[in-house]
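Visitor: Here it is, the structure, as structure tokens.
The values are calculated or read from the model by the stated rules, or taken from the named source; none is laboratory data. All of these numbers come straight from a predicted model, not from anything done at the bench. Because the Cβ atoms are built from the backbone with ideal geometry, glycine has one as well, and the counts that use them run over all protein chains shown. Side chains are part of the model used for accessible areas, which takes the heavy atoms of the whole protein and leaves out ligands, DNA and RNA. Shrake-Rupley method; radii C 1.70, N 1.55, O 1.52, S 1.80 Å.
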Amino acid sequence: MILTPEQKATFWRDGFLPYPTLLDTEEVAQLQQLTEDIAYGRVEIAADIKGIPILEKEATVARGEVQAASPLDELRKINFPASIHESFLAIAKKPKVVDLIAELFDEPDIKLLGDQIFMKPPGHGSVKEYHQDSASWPFLIPQNQITCWIPLDDATLENGCIRCIPGSQTFGLLQVKHLPQLLTEEMKAREVPVPVPAGGCLLFHSLNLHHSSANTSANRRRAWALHYMMAKTRDLSTSEEVHVDYISVRGNSYAGYV
């Protein structure tokens, strides 16, 4: 067992759980270097997967409002790292990572439904407004996924750590247009900032409401978000709902499921 009963109970009560040490220093350094190599074009990657671009620039950079100091600092996201490079895929399948997810689900069979690296460059890394990850894949049933959010740099109060609203995963899937009515000052006062050191992780339920502030500090804040689901999840997506191919990372696959 990796998690204590108390940690599991905290996750299902609050909808999130920080876990301080998941990757070792060598793995963190490898992934830091790899994000830099991708940004500088030293690693050959596809331009897109199923029409979704791999590299996304910060909006202010794309509009010419900000001149980034380097190609690394131009980027807002690297999409689907586990689908484009074997080093990311190896860590996405790492036993300590997937065993952690399996313990929370209390299910042995796990798939990766997608992943991104949020780059949060120093000085102009943009805010990520309140949202639920499940809103990106409402076609998955049940709406019971877990994000393993791994900082590649220390995620601090100053550079844009994740902030969660405890218990908000019990609200069900919300429409964006309804969030302003829900997110009163009283509700936002409940939010909990969760600083996490590089190589640790924040585990949160896909229905948990969370956000991150802009990075106005001088320190970069890269973080890799891996979205996991039980292999016995149904996919109701239509042809208009594009997603990458799901990756089996632990246990078995089942006919009629993802």
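Visitor: Which ranges mark the strands (runs of 3 or more DSSP E) fully within region 6-93 that have 3 or more residues being open to solvent by less than 50 Å² (accessible area, probe 1.4 Å), within 20 Å of Gly200 (Cα to Cα) and touching a Ser or Thr at 6+ places or on another chain (Cβ under 8 Å)?
Guide: In region 6-93, there are no strands (runs of 3 or more DSSP E) which contain 3 or more residues that are open to solvent by less than 50 Å² (accessible area, probe 1.4 Å), within 20 Å of Gly200 (Cα to Cα) and touching a Ser or Thr at 6+ places or on another chain (Cβ under 8 Å).
Visitor: Then there is this: If you check Leu173, Leu207, which single one turns out to be open to solvent by less than 30 Å² (accessible area, probe 1.4 Å), within 23 Å of Leu104 (Cα to Cα) and in contact with a Leu (Cβ under 8 Å, 6 or more places away or on another chain)?
Guide: So the residue among Leu173, Leu207 that is open to solvent by less than 30 Å² (accessible area, probe 1.4 Å), within 23 Å of Leu104 (Cα to Cα) and in contact with a Leu (Cβ under 8 Å, 6 or more places away or on another chain) is Leu207.
Visitor: Moving on to the next point. Kindly check whether there is at least one residue in region 142-149 that is within 30 Å of Thr238 (Cβ to Cβ), modelled with pLDDT of 95 or more, among the polar types (S, T, N, Q) and touching a Gly at 6+ places or on another chain (Cβ under 9 Å). Don't jump to the end; show me each part of the working.
Guide: Taking region 142-149 as the starting set, the residues that turn out to be within 30 Å of Thr238 (Cβ to Cβ) are 142-149.
Among the residues that remain, those that are also modelled with pLDDT of 95 or more are: 142-149.
Checking which are among the polar types (S, T, N, Q) leaves us with 143-145, 147.
Checking the rest, the ones that are also touching a Gly at 6+ places or on another chain (Cβ under 9 Å) come to 143.
Yes, region 142-149 contains a residue that is within 30 Å of Thr238 (Cβ to Cβ), modelled with pLDDT of 95 or more, among the polar types (S, T, N, Q) and touching a Gly at 6+ places or on another chain (Cβ under 9 Å).
Visitor: If you don't mind, another one. Quick check on my filter: what residues within region 144-168 are crowded, with 20+ Cβ neighbours inside 10 Å and more than 16 Å from the chain's Cα centre (by Cα)?
Guide: Listed by number, the residues that qualify are Asn159, Ile165, Ser168.
Visitor: Only one of these is without any contact (Cβ under 8 Å) to a residue 12 or more places away in the chain and closer than 30 Å to Glu158 by Cβ: Ala29, Ala39. Name it.
Guide: When all the criteria are applied, what remains is Ala29.
Visitor: Among Glu107, Glu103, which is out of contact with any Pro (no Cβ under 9 Å at 6 or more places or on another chain), charged (D, E, K, R) and outside any loop (DSSP other than H, G, I, E, B)?
Guide: Glu103
Visitor: Considering only region 135-157, I want to know if a residue exists there that is over 15 Å from His205 (Cβ atoms), β-branched (Val, Ile, Thr) and out of contact with any strand residue (DSSP E or B) (no Cβ under 8 Å at 6 or more places or on another chain).
Guide: yes
Visitor: Follow-up question, since we're still on this one. Across region 176-204, what is the number of residues that are open to solvent by 60 Å² or more (accessible area, probe 1.4 Å), aliphatic (A, V, I, L, M) and touching a residue at least 24 places away in the same chain (Cβ under 8 Å)?
Guide: 1
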